[in-house]
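To start, the structure itself, in structure tokens.
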């Protein structure tokens, strides 16, 4: 949506995201009967489909609760749900109270097993539009020019439980379900292009090591403990992924500002049967940005739902997140290598300078789920959900995932029919000969769910060659063995390239992350071993971390081959759109309301979100200039805002904390004359970069828009250094 399309026409159209319902509640408990409220305008459910993929005439609301009266699960109206059926007002509860039994029994069974990994997630509906660039390398219909394909995307952390915080240092899942005309295609990736392990058989090991210690069940959603570092310092193929995790990539600012990677190498097959190998990339239109470590720690305490809230609020405000889908394309040779890089090794990445990312389409997320459990929790991804023109390779981690995901869904979702849940239903005809099982919702006809048959007229018939899923006839040779190719032995070259490509401040963040994480470990030998591994990446990095830990660096410096760097790996140094940014405005009753409302409207028109902060809740002003207060000084914290406009001061110490944090976190701050005392109280002067004065709020915002494309005032870090 362009900025002009989002310009509000009146104060009633200014969107302050976060409303819990589709209309404001009444002060008193409603007593007049009425049907259920509709979903909020920003929400959508799965497209209505039958369990076998047919269009349904039902509306999205048809599968929600119906009618104005309370009923049992069987539709019987209920007149009282506040009191159990008893023998007299003070007597015992009667066994015949079927309503009590049904209500309590269902409540006792509401939870299902959470995912072992990626338990905590957030999701949204959207659409993928292909630009046609991939048609020459894949016959998948999803890549046809201007083809629009509905998608459902789930973002997640990896290590933590469903109740853990969003902003922990961790890899993030980036899983996309494409509802194509040829069936479901699931692209199940991460925000990091490499993985901890090379073979799926090691997946239980890395997850057991990363999960909380099994005796105390601590720490939650963290890698800063002995078992994790014990494993990764011994199993050095994990070095590259661990380094990415210790970089700013492990602390994304927002799901909207996060890259996605397919991790594995896939095979595309075109209409002529020709093949290429590809790696898939999601490139966010807003750029790739991260939190600072202190911000992440604060958020985990004061707003553990920060990433969920940010995604939902952006969509509600009309700042729809967008990503370009791109491919790196490689010849499909017998060796399956490119420029010396083994394409079947998931701990390796190919620099974009060697194989540029070619954009093949754009995804836009446009609607929040109407119900978390039915959609975000029950969505079931699987790397084996493929469509014609997209095939697998012999990546041993990918091959292992093909076993794991089906097994996981059966355990979590109660049986083999999870594909019939509304969020998982294909938008293509289904005639699979699969029958019965727990939670079967299709009503199959016929008597012959087998092939060949004559009793059902021979149906279903196998697809013709031009319609069927293509399973590329790759020649496979070799003796059975449990070993990896020699090329898998290189555990450090990719990690070294990544680290060398970072800017000095990013490298400083890496050293600080290792120092924190290893500092949380108990065993000195594990810390020493981890430092030894770091010497294979960079000597100064190892020595910096060792000094922080109080450890010696002994022995000869290891030999390291020369490496090149890749500008695509650093997050700093480019300029990005300001769309979707969150601007905090501190105001009070003395603030010029015309200036305030004009500034709020201008921020909204520029595809950003304005959140007004004041010393109290409610509103500022009246009539057409009335502005809703989004945060009080008690509920505002700097982590939420990309920039601050200060047009007031408050006699509250929390204001100084807000400003000092924003200053320390390199946020842009612009102030009017009325806001100057607040900055002075916080000890902040405009001698620092990114601290600007302006006569009005509108002028202050103009200054902010010039600076926001760089995400932070990185030069201030040097000014703040001791």
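The values are calculated or read from the model by the stated rules, or taken from the named source; none is laboratory data. This is a predicted model, so every value here is computed, not measured. Backbone-built Cβ (ideal geometry, glycine too); neighbour counts: all protein chains shown.
Can you find even one residue in the stretch 381-389 that is assigned to a helix (DSSP H, G or I), touching a residue at least 12 places away in the same chain (Cβ under 8 Å) and crowded, with 21+ Cβ neighbours inside 10 Å?
no
Return the residues of the stretch 390-407 that are in a loop (DSSP other than H, G, I, E, B), crowded, with 16+ Cβ neighbours inside 10 Å and out of contact with any strand residue (DSSP E or B) (no Cβ under 6 Å at 6 or more places or on another chain); say none if nothing qualifies. Please lay out each step first, then the result.
The initial filter retains those residues of the stretch 390-407 that are in a loop (DSSP other than H, G, I, E, B), namely 392-395.
Retained after the next criterion (residues that are crowded, with 16+ Cβ neighbours inside 10 Å): 392-393, 395.
Matches in the stretch 390-407: 392, 395.
Keeping to the stretch 202-229, report how many residues are more than 22 Å from the chain's Cα centre (by Cα), crowded, with 18+ Cβ neighbours inside 10 Å and more than 18 Å from residue 523 (Cα to Cα).
Residues meeting the conditions: 1.
Residue by residue through the stretch 537-575, note down the ones that are closer than 14 Å to residue 500 by Cα and loosely packed, with under 13 Cβ neighbours inside 10 Å.
Answer for the stretch 537-575, where residues must be closer than 14 Å to residue 500 by Cα and loosely packed, with under 13 Cβ neighbours inside 10 Å: 540, 561, 562, 564, 567.
Could you tell me whether residue 596 is outside the structural domain of residue 317 (by TED's automatic domain parsing), over 26 Å from residue 307 (Cβ atoms), buried (at least 23 other Cβ atoms within 10 Å of the Cβ) and touching a residue at least 40 places away in the same chain (Cβ under 8 Å)? Break it down stepwise before answering.
On the way: outside the structural domain of residue 317 (by TED's automatic domain parsing): yes; over 26 Å from residue 307 (Cβ atoms): yes; buried (at least 23 other Cβ atoms within 10 Å of the Cβ): yes; touching a residue at least 40 places away in the same chain (Cβ under 8 Å): yes.
Yes; evaluated as a whole, the condition is true for this residue.
Check 284, 321, 331 and return the single one that is surrounded by fewer than 21 Cβ atoms within 10 Å (Cβ to Cβ) and modelled with pLDDT of 95 or more.
On the way: 284 fails: surrounded by fewer than 21 Cβ atoms within 10 Å (Cβ to Cβ); 321 fails: surrounded by fewer than 21 Cβ atoms within 10 Å (Cβ to Cβ).
On inspection, the qualifying residue turns out to be 331.
Consider residue 328 against the criteria (1) more than 30 Å from residue 438 (Cα to Cα); (2) part of a helix (DSSP H, G or I); (3) more than 21 Å from the chain's Cα centre (by Cα): it satisfies all of them except one. Which criterion is unmet?
With (1) more than 30 Å from residue 438 (Cα to Cα); (2) part of a helix (DSSP H, G or I); (3) more than 21 Å from the chain's Cα centre (by Cα) applied to residue 328, the lone miss is (2).
Out of 73, 124, report the one residue that is touching a residue at least 12 places away in the same chain (Cβ under 8 Å), part of a strand (DSSP E or B) and over 30 Å from residue 276 (Cα atoms).
Values: 73 fails: part of a strand (DSSP E or B).
When all the criteria are applied, what remains is 124.
Would the stretch 668-679 turn up any residue that is buried (at least 19 other Cβ atoms within 10 Å of the Cβ), in the same structural domain as residue 589 (by TED's automatic domain parsing), assigned to a loop (DSSP other than H, G, I, E, B) and free of Cβ contacts under 8 Å to residues at least 60 places away in the same chain?
If we filter the stretch 668-679 for residues that are buried (at least 19 other Cβ atoms within 10 Å of the Cβ), which is where we start, we get 668-672, 675, 678-679.
From what is left, the residues that are in the same structural domain as residue 589 (by TED's automatic domain parsing) are 668-672, 675, 678-679.
Filter once more, so that each one left must be assigned to a loop (DSSP other than H, G, I, E, B): 672.
Narrowing the set further to residues that are free of Cβ contacts under 8 Å to residues at least 60 places away in the same chain leaves 672.
The answer is yes, given that some residue of the stretch 668-679 is buried (at least 19 other Cβ atoms within 10 Å of the Cβ), in the same structural domain as residue 589 (by TED's automatic domain parsing), assigned to a loop (DSSP other than H, G, I, E, B) and free of Cβ contacts under 8 Å to residues at least 60 places away in the same chain.
Those residues that are buried (at least 23 other Cβ atoms within 10 Å of the Cβ) and either within 24 Å of residue 576 (Cβ to Cβ) or out of contact with any helix residue (DSSP H, G or I) (no Cβ under 7 Å at 6 or more places or on another chain) (or both), I need them from the stretch 647-662; list them, please.
662
Do we have residue 515 as in a helix (DSSP H, G or I), surrounded by fewer than 20 Cβ atoms within 10 Å (Cβ to Cβ) and either on the phi > 0 side of the Ramachandran plot or in contact with a strand residue (DSSP E or B) (Cβ under 6 Å, 6 or more places away or on another chain) (or both) here? Walk me through it before giving the result.
Details: in a helix (DSSP H, G or I): yes; surrounded by fewer than 20 Cβ atoms within 10 Å (Cβ to Cβ): yes; either on the phi > 0 side of the Ramachandran plot or in contact with a strand residue (DSSP E or B) (Cβ under 6 Å, 6 or more places away or on another chain) (or both): no.
In short, no.
Looking at 488, 492, can you tell me which residue is under 30 Å from residue 560 (Cβ atoms), buried (at least 17 other Cβ atoms within 10 Å of the Cβ) and in contact with a strand residue (DSSP E or B) (Cβ under 7 Å, 6 or more places away or on another chain)? Break it down into steps so the answer makes sense when it comes.
On the way: 492 fails: in contact with a strand residue (DSSP E or B) (Cβ under 7 Å, 6 or more places away or on another chain).
Exactly one residue qualifies, and that residue is 488.
Residues of the stretch 600-628 being at positive phi and either buried (at least 21 other Cβ atoms within 10 Å of the Cβ) or in a helix (DSSP H, G or I) (or both), which ones? Step through it out loud before you land on a result.
As a first pass, look at the stretch 600-628 and keep what is at positive phi: 607, 618, 621, 623.
Once the filter is applied, which keeps residues that are at positive phi and either buried (at least 21 other Cβ atoms within 10 Å of the Cβ) or in a helix (DSSP H, G or I) (or both), the stretch 600-628 yields 607, 623.
So residue 149 passes all but one of these: (1) under 24 Å from residue 44 (Cα atoms); (2) touching a helix residue (DSSP H, G or I) at 6+ places or on another chain (Cβ under 9 Å); (3) surrounded by fewer than 21 Cβ atoms within 10 Å (Cβ to Cβ). Which condition number does it fail?
(3)
Go through the stretch 328-338 residue by residue and tally those that are within 17 Å of residue 498 (Cβ to Cβ) and out of contact with any strand residue (DSSP E or B) (no Cβ under 9 Å at 6 or more places or on another chain). Please lay out each step first, then the result.
Just the residues of the stretch 328-338 that are within 17 Å of residue 498 (Cβ to Cβ), to begin with: 328.
With the extra rule that they be out of contact with any strand residue (DSSP E or B) (no Cβ under 9 Å at 6 or more places or on another chain), the set shrinks to none.
Total satisfying the criteria: 0.
Please enumerate the residues belonging to the stretch 303-317 that are part of a loop (DSSP other than H, G, I, E, B), in contact with a strand residue (DSSP E or B) (Cβ under 9 Å, 6 or more places away or on another chain) and buried (at least 18 other Cβ atoms within 10 Å of the Cβ). Working first, answer last.
Step one: filter the stretch 303-317 for residues part of a loop (DSSP other than H, G, I, E, B), giving 303-305, 317.
Those still in the list that are in contact with a strand residue (DSSP E or B) (Cβ under 9 Å, 6 or more places away or on another chain) too: 305, 317.
Residue satisfying the conditions is 317 alone.
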